[in-house]
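**Student:** Before I ask anything, let me first share the structure, which is written out below as structure tokens.
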Amino acid sequence: MAAETAAETAAETVAETTAETAKIAVSRLYNDENGESHFIDETLEVTALNFAPPAPSLFVSDGIPAKQAVYLYIPAGWFGDFHPAPRRQIMTLVSGKMECGVSDGTWRTFVPGNTQLVEDTVGKGHATKALEDCVMIVSQLAD
């Protein structure tokens, strides 16, 4: 099966905007009750907030408590066969290109700027392959 590009699978980055709120497209990797992993595209509501005064207001989501943030360097050709995530985490590709597959058979290609909420901490997990040298920032979420 050909890999989908993460940007192709999600709706527009900003799905809907008013003066006070906006909805942005987010992608999530999760496991179902049978341990199978899947991708799902959802929207997240963000609210106008004076986030960094004196700059103008920005649209901000609710906070997600985090344990730590780490950078990963993944060399081209690296392959991690199916494995669950060590914890809930938000992974953002800074540079490079990679593919990720889930146990339902779907593969997606990720390019710089793509972010994935990874929640498949049990079950079959996901597989990852670096198509190029990659740098990622991983925000590991609190328990």
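**Student:** How many angstrom lie between the C-alpha centres of the stretch 15-65 and the stretch 112-136?
**Tutor:** One Cα centre to the other: 19 Å.
**Student:** Which ³J(HN,Hα) values, rounded to whole Hz and listed in residue order, are derived for the stretch 51-58 from phi using the Karplus coefficients 6.51, -1.76 and 1.60 in 6.51 cos²θ - 1.76 cosθ + 1.60 with θ = phi - 60°, glycine and proline given as x?
**Tutor:** 7, 9, x, x, 5, x, 4, 10
**Student:** So what are the ³J(HN,Hα) numbers for the stretch 73-82, from phi and the Karplus equation (6.51, -1.76, 1.60; θ = phi - 60°), rounded to whole Hz, Gly and Pro as x?
**Tutor:** Whole-Hz 3J(HN,Hα) from phi for the stretch 73-82: 10, 10, x, 3, x, 4, 9, x, 4, 3.
**Student:** Shifting gears a bit: To make sure I understand the rule: partners must be aspartates and glutamates, Cα under 16 Å from the Cα of K23, and not fewer than 8 residues away in the same chain. Which ones qualify?
**Tutor:** Answer for K23, where 16 Å is the Cα cut-off: E12, D41, E42, E45, D62, listed by chain and number.
**Student:** Let me ask something additional. From the phi of every residue in the stretch 93-102, what ³J(HN,Hα) in whole Hz does the Karplus formula 6.51 cos²θ - 1.76 cosθ + 1.60 yield, where θ is phi - 60° and glycine or proline is x?
**Tutor:** Going residue by residue, I get 7, 8, 8, x, 8, 9, 10, 9, x, 10 Hz, with x marking Gly and Pro.
**Student:** With Cβ to Cβ distances under 12 Å as the rule, what net charge do the other residues near V138 carry (K, R +1; D, E -1)? Numbers along the way, then the final one.
**Tutor:** Working: positive: K67, R87, R88; negative: none.
Once positives and negatives cancel, what remains is +3.
**Student:** If you keep only loop residues by DSSP, which trypsin sites (Lys or Arg not before Pro) in the stretch 39-143 have at most 15 other Cβ atoms within 10 Å of their Cβ?
**Tutor:** Those satisfying the criteria are R87.
**Student:** Take D104, project a point 7 Å from its Cα along the Cβ direction, then tell me which residues of the stretch 112-140 have their backbone nitrogen under 13 Å from it.
**Tutor:** Within reach of a label on D104, which here means backbone N under 13 Å from a point 7 Å along Cα→Cβ, the stretch 112-140 contributes nothing.
**Student:** While we're looking at this one, here's another question. Testing the spin-label approximation: label points 7 Å from Cα along Cα→Cβ at E20 and R87. State their distance in nm.
**Tutor:** 3.6 nm
**Student:** Here is a further query. Evaluate the relative contact order of the stretch 69-143 (contact order divided by residue number), counting alpha-carbon pairs under 8 angstrom at least 6 apart; express in whole percent.
**Tutor:** Rounded, it is 51 percent for the stretch 69-143.
**Student:** In a Gaussian network model over the chain where Cα atoms closer than 10 Å are linked, find which of G105, G96, G125 has the largest mean-square fluctuation.
**Tutor:** Highest fluctuation among the options: G105.
**Student:** Here is a further query. So, with +1 on the Cβ of K and R and -1 on the Cβ of D and E, and no other charges, what is the size of the charge dipole of the chain about its Cα centre, to the nearest 20 debye?
**Tutor:** Its charge dipole is roughly 480 debye.
**Student:** Shape of the stretch 96-143 from its Cα gyration tensor (a ≥ b ≥ c, root eigenvalues): rounded if a/c is under 1.5, otherwise prolate when a/b > b/c, or oblate?
**Tutor:** The shape class here is oblate.
**Student:** Describe numerically, in nm with one decimal, the distance between label points set 7 Å from Cα along Cα→Cβ at L58 and at A76.
**Tutor:** 3.3 nm
**Student:** Turning to a different aspect of this structure: Which of the three applies to the stretch 63-139, rounded, prolate or oblate, going by the alpha-carbon gyration tensor with a ≥ b ≥ c and a/c under 1.5 meaning rounded?
**Tutor:** On the way: a/c = 1.71, a/b = 1.06, b/c = 1.62.
Oblate is the answer for the stretch 63-139, as a/c is 1.5 or above yet b/c matches or exceeds a/b.
**Student:** Let me ask something additional. Using the Cα atoms of the stretch 14-143 to build a convex hull, what is its mean projected area in square nanometres?
**Tutor:** Numbers: hull surface 35.2 nm².
Seen from a random direction, the Cα hull of the stretch 14-143 projects 8.8 nm² on average.
**Student:** In a GNM of the chain with a 10 Å cut-off on Cα contacts, which of E36, E20, E119 has the highest mean-square fluctuation?
**Tutor:** Judging by the Gaussian network model, the answer is E20.
A short reminder: the numbers here are calculations on the coordinates, not readings from a lab. These numbers come from a predicted model, not from an experiment. As a convention, Cβ positions derive from the backbone with ideal geometry for all residues, glycine included, and neighbour counts pool all protein chains shown.
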